[in-house]
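Student: Pasting a structure here, questions to come.
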Amino acid sequence: MKLKKINEKLSKALAENGIETPNEIQKDCFSTLKSGADAVVIMPKGGGKSTTIVYTVIQKLEKAVGESTRALIIVQDKEAVLEMVDTFKRFAHYTNLRVFGSHDKGDIDYDKNQISLGVDVLIGTPNRINAMFSSAGFNMNTVKMFVIDDADELFKLRMDAIVLRLSNSVEKTQRLFFAEDLTERVEALADKIMIEPYLFGVDDYEDEEDYED
């Protein structure tokens with residue numbers, strides 16, 4: 001994939017999956033997301049939202065480290081969890097990153113045991129992630145990337161309260177929202193939990209302009 005300073009093995013894996021040319025939003029946001037800044041990324045349906053999340057996380061984490069979760073990705077439902085886990089398997093083919101998915105229909109005790117063995121990337125539904133991290137033994141402060149996919153849809157379902165609670169449990173992390181629409185709820189929570197976030201994918205803003213300007 002032709003992005004500036006993208007990891008060569010990641011670029012190779014993307015190309016092997018038919019992804020070689022980034023769209024305009026992907027080109028605009030790559031450097032900012034890679035830098036660790038907070039951001040809200042608005043992409044239309046079919047615009048590569050999940051793809052962008054996955055390759056950004058792989059680019060940032062690079063390899064397995066320690067036992068604790070470093071990237072937490074919250075998605076809408078079981079199907080979204082399974083799809084994103086599969087995407088990670090394909091794009092992270094040349095890394096040893098450990099990726100695990102957890103959803104409301106799975107066995108929570110089994111999931112806890114698997115995570116305790118060591119996971120770099122944890123993908124899950126809001127209620128399941130909230131339930132697991134409310135239990136003893138999980139440290140949210142190891143999370144370096146806190147990513148919400150389909151933020152507009154999740155917040156419409158009143159999941160913003162859970163996201164806020166989880167976010168408040170992390171002392172220092174990169175917070176990223178991905179959505180199809182920039183809704184009032186998305187804007188409100190971004191203002192509340194993010195530090196000078198950037199906004200991408202909305203015509204009314206200049207690319208990489210400070211969100212609060």
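The values are calculated or read from the model by the stated rules, or taken from the named source; none is laboratory data. Computed from a prediction, not measured in an experiment: that's the story for all the values here. Cβ coordinates were reconstructed from backbone atoms using ideal geometry, including for glycine residues, and neighbour counts include every protein chain displayed.
Student: With respect to Lys45, determine if the residue is surrounded by fewer than 16 Cβ atoms within 10 Å (Cβ to Cβ), in contact with a strand residue (DSSP E or B) (Cβ under 9 Å, 6 or more places away or on another chain) and not acidic (Asp, Glu).
Tutor: Values: surrounded by fewer than 16 Cβ atoms within 10 Å (Cβ to Cβ): yes; in contact with a strand residue (DSSP E or B) (Cβ under 9 Å, 6 or more places away or on another chain): no; not acidic (Asp, Glu): yes.
Spelling it out, it is not the case that Lys45 is surrounded by fewer than 16 Cβ atoms within 10 Å (Cβ to Cβ), in contact with a strand residue (DSSP E or B) (Cβ under 9 Å, 6 or more places away or on another chain) and not acidic (Asp, Glu).
Student: Quickly run through the stretch 125-184 and pick out the residues that are surrounded by 18 or more Cβ atoms within 10 Å (Cβ to Cβ), assigned to a helix (DSSP H, G or I) and of a type in the set (Ser, Thr, Tyr).
Tutor: Residue satisfying the conditions is Ser167 alone.
Student: Condition check: free of Cβ contacts under 8 Å to residues at least 12 places away in the same chain and more than 13 Å from the chain's Cα centre (by Cα). Does Ser35 satisfy that?
Tutor: Spelling it out, Ser35 is indeed free of Cβ contacts under 8 Å to residues at least 12 places away in the same chain and more than 13 Å from the chain's Cα centre (by Cα).
Student: Kindly indicate the residue of the stretch 107-124 that is surrounded by 20 or more Cβ atoms within 10 Å (Cβ to Cβ), over 23 Å from Ala190 (Cα atoms) and of a type in the set (Val, Ile, Thr) and also modelled with the highest pLDDT among those meeting that condition.
Tutor: Checked the stretch 107-124; the qualifying residue modelled with the highest pLDDT is Val119.
Student: Which residue pairs have Cβ atoms under 6 Å apart, sit 6 or more places apart or on different chains, and have a first residue in the stretch 99-118 that is assigned to a helix (DSSP H, G or I) and a second that is among the hydroxyl-bearing types (Ser, Thr, Tyr) and modelled with pLDDT of 90 or more?
Tutor: If the second residue must be among the hydroxyl-bearing types (Ser, Thr, Tyr) and modelled with pLDDT of 90 or more, the pairs left are Asp111/Ser102.
Student: Only one residue in Glu20, Glu16 is surrounded by 13 or more Cβ atoms within 10 Å (Cβ to Cβ), acidic (Asp, Glu) and farther than 30 Å from Glu184 by Cα. Which one? It would help to see each step written out before you state the result.
Tutor: Details: Glu20 fails: surrounded by 13 or more Cβ atoms within 10 Å (Cβ to Cβ).
Every option except Glu16 fails the conditions.
Student: Given Val57, Val40, which one is under 12 Å from the mean Cα position of the chain (by Cα) and not in a strand (DSSP E or B)? Before you say what the answer is, go through the steps one by one.
Tutor: Numbers: Val40 fails: not in a strand (DSSP E or B).
Of Val57, Val40, the one residue that is under 12 Å from the mean Cα position of the chain (by Cα) and not in a strand (DSSP E or B) is Val57.
Student: Could I ask something else about it? Consider Ala64 against the criteria (1) in a strand (DSSP E or B); (2) in contact with a Lys or Arg (Cβ under 9 Å, 6 or more places away or on another chain): it satisfies all of them except one. Which criterion is unmet?
Tutor: Evaluating Ala64 over (1) in a strand (DSSP E or B); (2) in contact with a Lys or Arg (Cβ under 9 Å, 6 or more places away or on another chain) leaves (1) as the failure.
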